[in-house]
Structure formats: C-alpha cells, structure tokens
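These notes are about the structure you will find just below.
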Amino acid sequence: SPSNSSREAIAHIAFDDLVALLEAIFVKAGTAPGVAAILARNCASAERDGSKSHGLFRVPGYLSTLASGWVDGKAEPVVEDVAAAFVRVDARNGFAQPALAAGTPLLLEKVKACGIALLAVRQSHHFGALWPDVEPFARQGFVALSFVNSFACVVPIGGSKPVYGTNPIAFAAPRAGGDPIVFDQAASALANGDVRIAAREGRSLPPGSGVDRTGAPTTDPKAILDGGALLPFGGYKGAALAMMVEILAAALTGGQFSFEVDWSAHPGAETPKTGQLLIVIDPDAGAGRSFVDRVETLVGRIADAGQERLPGDRRYALRRRAAEIGIPIAPALLKELSALAGA
Ligand code: NDP
Ligand code: PYC
C-alpha cells in the first residue's frame, strides 16, 4: 500500500489524471467501476483542495478495508421514496457517496416540489471529507446541510470512554455570482485523520485535543490513538453537536451509532459503517429571491468587521491554483500510486 511517507511536493498532477489513476486503483481493489469513479473524484477533490486528511492519505485505508471484506465495493444502493419530502437509501454495506448519488435525483425532485427534503442513508461507509456532499447543491442554488457519524473515538464531557465519532457537520449556501459558502468541521477538537498525520510526522497537538488511555489530558497524538480518545471541540458545546450528529446520522437514518461499529472480525478495516443525513432547502421557498443578496449583506459585514477568510476560501484558492499548475504530489507517492494502478 502507498506509504504516503514523503509529502515533499515537487511534482504536479492534473486533476483528471489523478482521478483516472485513483479510479484504476479502486477498480483493481475490487470496486464496481461506478463506485470507483465516485470515490476517485471524491478523494482527488480532497487532495486538490488541501483537505489532506481525506485525500491521498486515505488510499491505504480504502484498500485495506476492501481487502478485509468489511465493505462491499460493488454494493448497489436501494432508494426508497418514503414521504413527500423524505428519501431513504440503504447503502447495503457500500460506500456512502454512491448511495448519495443514487438518491440525489429523487431528493432534488422533492426539494423542488416541497421546498425542503431529507435524504437518510444507512448501512454506509463514509471515509471522506463532507464538503463534497453539500457544495454541489449550493452550486444549484440550494442550501444544504449534512451530518455523518463515524467510529467511537471521542469522549463525552467528563467521561472516560469514547462514545462519539468525530462526527462532521457540513453546510453550504449559494452566493451571488461567487463560490458558495461552505463549512465542514468535525465535532471533535481534530479529525482522527489529522491526529494520525500528526503522529506520523512526530508533531504534538494543541492542548485540549484529547486524553490518553488513563483519561489524562495529552497532546501526544500517539497516546490518543493508542487507547486514548479525542475531546469534543469547544467543551460541552461541541459535545452537544457530536450527540446531535449521532441522533441525526444514526438514530434517524437507521444506521449504527459510532459506538456500535464493530469491525473486530475484519482486521484492516478502517471505514466506519454508520449513517448520513442530508437536508436540502430551496431558499426561494423561504426568503424568496433576495436570499443571495441577504447572504452578501452578511458576508460584507463580516469582512468589514475584520474577518479576512471565510470557510471555504482556502480550499477554493488551492483549487484555482491546482487548475493552473496541477495538484502537488511527492514523486515517490505518485510512483507508488501508479504501481498500484498497474500503470
Ligand atoms: P478544519 O478545522 O480544518 O476546518 C473546519 C472549517 O473551518 C472548514 O470549513 C475551514 O475552511 C474553516 N476554517 C479553518 N480555519 C479557518 C479560519 N482561520 N478562518 C475561517 N475559516 C476557517 O476541519 P476539521 O479538522 O474539523 O475536519 C477536517 C475534515 O475531516 C473535514 O473535511 C471533515 O468532513 C473530515 N472528517 C470526516 C469524517 C468522516 O466521518 N467522514 C469525520 C471527521 C472529519 P477551509 O476548508 O477553507 O479551510
Ligand atoms: O478523520 O475523523 C476522521 C474520520 C473518521 C472517518 C473518516 N474520517
């Protein structure tokens, strides 16, 4: 598997070439071509936009999970039309993003008819960043929110046992003539992926990141990964959001809570099998056509008040740069990926 050992960026690859390379790797690892295409685009998009913890860093995890038999790379999601504004998708132990793609046409029909609709995905493995799941809706003029739970690695406030996943929340809203506003953030102090990257690079974490196996506060990523746990971000406020995500992404969808994920019979498994909720709203049904102007009023005031960077700005800047010069990649990693693809 690719070691990701050298991250020195001295080569560049075009986005479409990286997608093609990853697609070949996923097909070779046993996914259906349609699944490979969706995962490859998701993973390459994260790498392009600087979402490093969910870009190429994840390839070994995808491959070891597929090899472990824990996930079905050929699963065909089943879409159910359950109510006027409610779509349910059984991912049938496959990846979440193909399930989302399968349910999206019906979801959009319902959003247009009702002004709002929900997509509830269960029995799904989400191993990626969440922003790619909401940004496309904002590009079509809708407001979108998504929630996904993961695997127990976050302690509740005052607790000593992990209960919550890192449980990200993503939000996207259209802007007048510009890239949508998108934020995507874990409910934990850090994403598990970022803890693993810090451990690999020998970096310590900020205070308040996690606890070791005895429950004592630690800034050592290895102690967090080796029997310890992450803390929710922002104390009890982040903990409440982590709890909400469990309820929305698991209880409401028919998926598993993070603490119910049991992959012990599948050594090598890394993708949590849980659930995901997506809420899409047509702003024309609420504020009417002035919605994007109201968003601009808010954004203008935020800028006037001194905030120089909106969530999403960093990613869009990296995306524009990648369109000009390609995505930075260490030559050794590119060689490993090419070998895996059989190229
Ligand atoms: P970050 O803390 O890196 O960023 C959270 C949000 O804050 C982003 O929208 C980011 O925008 C924005 N932001 C960061 N710094 C600033 C700043 N100085 N000013 C304004 N906005 C800022 O994200 P996390 O570490 O919480 O999560 C990382 C990724 O991990 C996410 O993509 C998440 O979906 C993924 N993840 C996936 C899980 C899964 O189960 N699949 C579980 C947990 C996490 P920008 O992107 O532009 O920097
Ligand atoms: O980085 O916390 C994380 C994560 C969990 C599942 C996928 N990513």
Practice problem: Tell me, please, whether a residue that is among the polar types (S, T, N, Q), open to solvent by less than 50 Å² (accessible area, probe 1.4 Å) and either away from ligand 2 (no atom under 11 Å from the Cβ) or more than 18 Å from Pro232 (Cβ to Cβ) (or both) can be found in the stretch 199-209. | Solution: yes
Quiz item: Which one is farthest from Gln256 (Cα to Cα), of the residues in the stretch 173-187 that are within 10 Å of ligand 1 (Cβ to nearest atom) and crowded, with 22+ Cβ neighbours inside 10 Å?
Solution: Val182
Quiz item: Which members of the stretch 292-315 meet the condition of being surrounded by fewer than 16 Cβ atoms within 10 Å (Cβ to Cβ), under 25 Å from the mean Cα position of the chain (by Cα) and in a helix (DSSP H, G or I)?
Solution: Asp313, Arg314
Exercise. Filter the stretch 262-278 down to the residues that are surrounded by 18 or more Cβ atoms within 10 Å (Cβ to Cβ), of a type outside the set (A, V, I, L, M) and touching a strand residue (DSSP E or B) at 6+ places or on another chain (Cβ under 8 Å), then identify the one that is nearest to Gly178 (Cα to Cα).
Key: Gln276
Quiz item: Among the listed residues Ala44, Ala37, Ala91, Ala67, which satisfies the condition of being within 16 Å of ligand 2 (Cβ to nearest atom) and over 17 Å from Asp282 (Cβ atoms)?
Solution: Ala91
Self-check item: Hey, Ile281 surrounded by fewer than 15 Cβ atoms within 10 Å (Cβ to Cβ) and of a type in the set (A, V, I, L, M, F, W, C) or not
Solution: no
Quiz prompt | Residue check for Ala323: away from ligand 2 (no atom under 16 Å from the Cβ), outside the structural domain of Gly254 (by TED's automatic domain parsing), in contact (Cβ under 8 Å) with a residue 40 or more places away in the chain and open to solvent by 30 Å² or more (accessible area, probe 1.4 Å) | solution = yes
Practice problem: Please note which helices (runs of 4 or more DSSP H) are completely contained in the stretch 42-160 and include at least 2 residues that are charged (D, E, K, R) and more than 14 Å from ligand 1 (Cβ to nearest atom). | Solution: 96-114
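The values are calculated or read from the model by the stated rules, or taken from the named source; none is laboratory data. Since the structure is predicted, the reported quantities are computational estimates derived from the model, not experimental observations. No Cβ is skipped: glycine too gets one built from the backbone with ideal geometry, and neighbour counts run over all protein chains shown. Just so you know, the surface numbers come from the protein's heavy atoms only, side chains and all, with ligands and any DNA or RNA stripped out. Shrake-Rupley method; radii C 1.70, N 1.55, O 1.52, S 1.80 Å.
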